[in-house]
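The values are calculated or read from the model by the stated rules, or taken from the named source; none is laboratory data. Computed from a prediction, not measured in an experiment: that's the story for all the values here. Quick reminder, even Gly has a Cβ in these numbers, built from the backbone with ideal geometry, and neighbours come from all protein chains shown.
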Amino acid sequence: MAEKQYGLVVDTKRCVGCHSCSVACKIENNLSAGVIWNRILTNGGASMDSAKGTFPNLSKHYIPMICQHCANPACTKACPVGATYKDITTGAVRQDYDLCIGCRMCMAACPYTGVRSFNWEEPTYTMDFAVGDINVPKHQKHVVEKCTLCYHKLSKGEEPICIDACISGARVFGDLNDPDDKVVNLISKRKYIQLLPERGTNPSVYYLV
Amino acid sequence: MKRVGERGSGEWERISWDEAISTIAEKWKEYRSKYGNQSLSFYWGSGATGQLAPGNATGLMGRLVNVLEFTNIDYCVDLAMSVGVGWVSASGALNDITNVKYSDRVVLWGCSLSDAWWQFWKPVADAMENGTRLITVDPNFSTSASKSDLWISNRPGSDPLLILSLMQYIIEHDLHNKDFLIGHTNASFMVRSDNGKILRMSDLGQEPTEGPVNPYTGQPTIIDPPVVWDEETSSLQAWNVATKPTLHKNYVHEGLRLDTAFDLVVAELQNYKAEKITELVGVPVDQIELLALEQTKGNVWNLTGMASQAYKNGAVFGQVLVCLNLITGSIGRPGATVGAAWRFFSMNGAVLTPTGTTMTNVPVLGLNQVMDSGKFKGQDWPIKALYVAAANPVSCAADYHGIKSWWDRIEFIVVADLQFTDSVKYADLVLPVAHALETEDVKTSGYFPFIGISEKAIEPLFEAKTDGDIARLLAEQLGVGEHFRLSNDEFLRDRIDNAPAAKAQNITLDRLRKEKDIYLEGPGTAFEGGYFPTETGKANLYCEMVAPRLNWGQDFDPTAVRVPRFFPPHESWPTSEAMKKYPMALMSERLRTRWHTNEYENEWLAEIGQEPLVKINPIDAVERGITDGSLVEVFNDRGHAVVKAEFSDNIRPGVLLYPKSWQQHEFKAGGWTELTSSFPDPLAVNTSFMDVAADIRPWREEA
């Protein structure tokens, strides 16, 4: 077990699907054209604001979807070269671009479809200069990438950018292994779900419902 | 850049700033001398707001327009609600969002708050965690509806009808606040049956007296008090003399029948019993009753967006909604209020009028009539030149063909913008302006309860100039340079430091530069203490005489809305002529990734954004042979838009909902602006963006 297991609590009663976290992530991590690490799904269907049910008996929850930084990740076991691994100090599931051979076994193993992407081509960008944090590793062709839990910020004692960018106060970051942490406090008081618990991955993103 | 081909042909030539400024100045001087000052017109929007920015006709460009006495083309957007509120309250209803923490109920009317005004959502969510109940009245299952404890789906355009029904229920069940009605409204005033006017002491033979001098007219105010029935003395008495005014009385005085205003209101409300209007409003009786009861639970904020007022009955919506809060007495206290979440803060207006001259407002909705007749309010009014700043009317205003009709008749059009918008496309001369981050400004937008400085991050890129610098260059060549030789610093200092509201809270430019943001004091609740700045300090539950927002010679009836009553929308109503032909109600919603058409070229936002589409309930779609994701044509008599159909159960059957803010080239064909209407409601003089009937069919591209 990692010393710490950083994770996120997302309050689906507060999340209004504004996508600010998505855009902030895109800029902070200098993501290339077409790559989004943080997507917003709903419980109702494929389009942006799909509700569940038929008019007027409807319900709708937005589900911000990122790498779940599982306590027991499937991806790390599938990687033949150790490029995707569990970070001991933070519990983040990391991806080493230099080691990655582009086999995409991690993508196949991960039950949370779509949180990873593969750069088939040399990454291209909107701006002709890098944006976001200077310590973000350079994106490469033929590697898999995904949410790093803003590792470059964690190492400075800061929280991931999506926490600060949330307009609703719906995202809370903390150490799930610390019984006194605010995230542990939240999931002890509120009803929550984890995604695909039957897969045994024990994801570190908790959705309050 | 100047146009070299036909207007709209896309053929341009790059020119120098010197050439651009002298071309404009020469044309403007010629028009002014030949046709008069009003021949130059200005159209602004909300694309860039602040003190120096030209949006809202502020900044040095606003100053230039006043000095040169331009025609100001009033954009007629989102102004109906405040007209109706003004009839009742003699003021605008504006509330700081922080009121929600004192509200027991927040009822959203035509307001998808969490999509359109994101910054207001967190305070609402915080309040909900502390027990505030959120209720949404919206035809469609908006994001806000999905977050609400109760969602009422009504027919588009029926909000005033629903509100009148709530009032009827509340009074019938004796849940109205009688003390408040007597103390803070004109409900107890006696009304003459012969002319519908409020009975005054002069009608009873008491001569009016003179009061203090009105600072606006320079004339003494005339004091002729309204009359009430005093139960203490069983007689007619001046409202301020009677000790026990009553809400219910009819009385014949010297052959003249008199009724309390309240009795007249109650009589009208009998037309709106839940059972009578349930079908028309499209809400079951039990839900109407439930919503009425919610209105009586503690501090209620009926919080409005811009959708309910975007119909022909938009001003009446404002009127009846305030009346609802008046009868429950939930008004004038923190959390108990009505109207938009908006924090108004007045800057020093004198900065914009250094010569004492001002622009003249001509409503855009009446502009084609002015162009047709060459007259405005009976005077010759040729318009030859147009300057557009912080605005993109071609893709954001209503009725594209109507816009093009007046646009094409203007000889010389300059558009200043930082994006190549649809309006730029149809300009004669284009000026590239600097971005908000390329100049310092002070933001007092009502969207947040504080004043903030917007710092200059970088010098303007490429050849862009700030709106202020453009105004300075033009002023020099037009011979009014003496009023424009002040620095941005001097302008901002005068505008802020000399504003009475800023002085009261000790807000200065220097403080803003140091502290960046300064929160405004007080909860900012509309009609604080139940005081209304009318003749008697009481609200007009009975609106004796009303005035239109802008009087441009149109026909209107100042007595039409004496008692709160329902008027149907112009098009979007089952009995309208338009709906017989086009049975669907066409409504818009905000696109998350754009602010109107701002940021349309932003690739980061485009990646998560959508393409132009229309949302339709699958029931309506299947009936018309439309499949999910296919191309469809939405159309009416005015025009069409060809977009993708998205099946959505969020949409009320009978409604088409489109996310707005696209440029023409993004559509397969046509555009939303082609379908909307420029019908001017004579009292509100406001664009009814939602009051649109249309139909939809599969798109078959012509061979």
* Residue within region B:18-41 that is in a helix (DSSP H, G or I) and touching a Ser or Thr at 6+ places or on another chain (Cβ under 6 Å) present -> yes
* To do: Pick out, from region B:337-397, the strands (runs of 3 or more DSSP E) lying fully within it that include 1 or more residues that are among the aromatic types (Phe, Trp, Tyr).
  => B:385-389
* To do: Return yes when residue A:77 is closer than 23 Å to residue A:110 by Cβ and free of Cβ contacts under 8 Å to residues at least 60 places away in the same chain and no when it is not.
  => yes
* Can you tell me which residues in region B:655-673 are farther than 15 Å from residue B:606 by Cα and in contact with a His (Cβ under 6 Å, 6 or more places away or on another chain)? -> B:670
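Here's the yes/no breakdown for (1) in contact with a Leu (Cβ under 8 Å, 6 or more places away or on another chain); (2) not in a strand (DSSP E or B):
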{"residue": "B:405", "(1), (2)": "no, yes"}
{"residue": "B:420", "(1), (2)": "no, yes"}
{"residue": "B:446", "(1), (2)": "yes, yes"}
{"residue": "B:452", "(1), (2)": "yes, no"}
{"residue": "B:491", "(1), (2)": "yes, yes"}
{"residue": "B:495", "(1), (2)": "no, yes"}
* Asked: Does any residue in region B:562-589 that is farther than 11 Å from residue B:157 by Cβ come within less than 6 Å, Cβ to Cβ, of a residue that is aliphatic (A, V, I, L, M) and assigned to a helix (DSSP H, G or I) six or more places away or on a different chain, and which pairs are these?
  -> B:563/B:264; B:563/B:265; B:564/B:320
* Among A:67, A:18, which is the only one that is buried (at least 21 other Cβ atoms within 10 Å of the Cβ) and either farther than 25 Å from residue B:608 by Cβ or within 14 Å of chain B (Cβ to nearest Cβ) (or both)? -> A:18
* With respect to the numbered conditions (1) of a type in the set (A, V, I, L, M, F, W, C); (2) farther than 17 Å from residue A:37 by Cα; (3) modelled with pLDDT of 95 or more; (4) in a loop (DSSP other than H, G, I, E, B), which one is the sole condition not fulfilled by residue A:131? -> (2)
* Asked: In the set B:655, B:614, B:643, which member is closer than 27 Å to residue A:18 by Cα, within 11 Å of chain A (Cβ to nearest Cβ) and in contact with a Lys or Arg (Cβ under 9 Å, 6 or more places away or on another chain)?
  -> B:655
* Number of positions in region B:520-537 that are loosely packed, with under 15 Cβ neighbours inside 10 Å and not in a loop (DSSP other than H, G, I, E, B) -> 2
* Give region B:598-638 a look and list any residue that's in contact with a Pro (Cβ under 9 Å, 6 or more places away or on another chain), of a type in the set (Asp, Glu) and outside any helix (DSSP H, G or I), or say none. => B:628, B:633
* Structure fact -> Scanning region A:158-209 for residues that are surrounded by fewer than 19 Cβ atoms within 10 Å (Cβ to Cβ) and under 18 Å from residue A:148 (Cβ atoms) gives A:158, A:159, A:164
* Structure fact -> Residue count, region B:164-212, condition within 33 Å of the chain's Cα centre (by Cα) and of a type in the set (Ser, Thr, Tyr), comes to 4
* Go through (1) buried (at least 20 other Cβ atoms within 10 Å of the Cβ); (2) among the hydrophobic types (A, V, I, L, M, F, W, C); (3) within 14 Å of another protein chain (Cβ to nearest Cβ) and name the single condition residue B:608 misses. => (1)
* Residues satisfying the stated conditions in region B:681-703, i.e. over 23 Å from residue B:138 (Cα atoms), of a type outside the set (Asp, Glu) and not in a strand (DSSP E or B) -> B:682, B:683, B:685, B:699, B:700, B:703
* To do: Would you check which residues across region B:239-258 are surrounded by fewer than 19 Cβ atoms within 10 Å (Cβ to Cβ) and either more than 22 Å from residue B:175 (Cα to Cα) or touching a helix residue (DSSP H, G or I) at 6+ places or on another chain (Cβ under 7 Å) (or both) and list them?
  => B:240, B:241, B:243, B:248, B:250, B:251, B:252, B:253, B:254, B:255, B:256, B:257
* State whether the residues of region B:43-55 include one that is under 15 Å from residue B:25 (Cα atoms), of a type in the set (Phe, Trp, Tyr) and touching a strand residue (DSSP E or B) at 6+ places or on another chain (Cβ under 6 Å). => no
* To do: Please work out which residue is nearest to residue A:119 (Cα to Cα), limiting yourself to region A:31-42 and to residues that are more than 10 Å from chain B (Cβ to nearest Cβ) and surrounded by fewer than 20 Cβ atoms within 10 Å (Cβ to Cβ).
  => A:32
* **Entirely in region A:13-112, the strands (runs of 3 or more DSSP E) that have 3 or more residues that are over 22 Å from residue A:131 (Cα atoms)** => A:39-42, A:52-54, A:57-59, A:62-65, A:84-86
* **Flag for residue B:657 being part of a loop (DSSP other than H, G, I, E, B) and either touching a residue at least 12 places away in the same chain (Cβ under 8 Å) or within 29 Å of residue B:424 (Cα to Cα) (or both)** => no
* **Output for region B:602-648, where each listed residue is over 27 Å from residue B:403 (Cα atoms), charged (D, E, K, R) and touching a residue at least 60 places away in the same chain (Cβ under 8 Å)** => B:620, B:624
* Asked: Regarding residue B:72, is this residue under 25 Å from the mean Cα position of the chain (by Cα), at positive phi and not aliphatic (A, V, I, L, M)?
  -> no
* To do: Could you pull out the residue among A:139, A:152 that is within 19 Å of the chain's Cα centre (by Cα), surrounded by 17 or more Cβ atoms within 10 Å (Cβ to Cβ) and without any contact (Cβ under 8 Å) to a residue 40 or more places away in the chain?
  => A:152
* Could you check residue A:7 against (1) touching a residue at least 60 places away in the same chain (Cβ under 8 Å); (2) within 12 Å of chain B (Cβ to nearest Cβ) and say which number it fails? => (2)
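Residues are listed down the side, and each one gets a yes or a no for (1) farther than 30 Å from residue B:568 by Cα; (2) more than 11 Å from chain A (Cβ to nearest Cβ); (3) in contact (Cβ under 8 Å) with a residue 24 or more places away in the chain:
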{"position": "B:107", "(1), (2), (3)": "no, yes, yes"}
{"position": "B:118", "(1), (2), (3)": "yes, no, no"}
{"position": "B:122", "(1), (2), (3)": "yes, no, no"}
{"position": "B:127", "(1), (2), (3)": "yes, yes, yes"}
{"position": "B:130", "(1), (2), (3)": "yes, yes, yes"}
{"position": "B:139", "(1), (2), (3)": "no, no, yes"}
{"position": "B:146", "(1), (2), (3)": "no, no, no"}
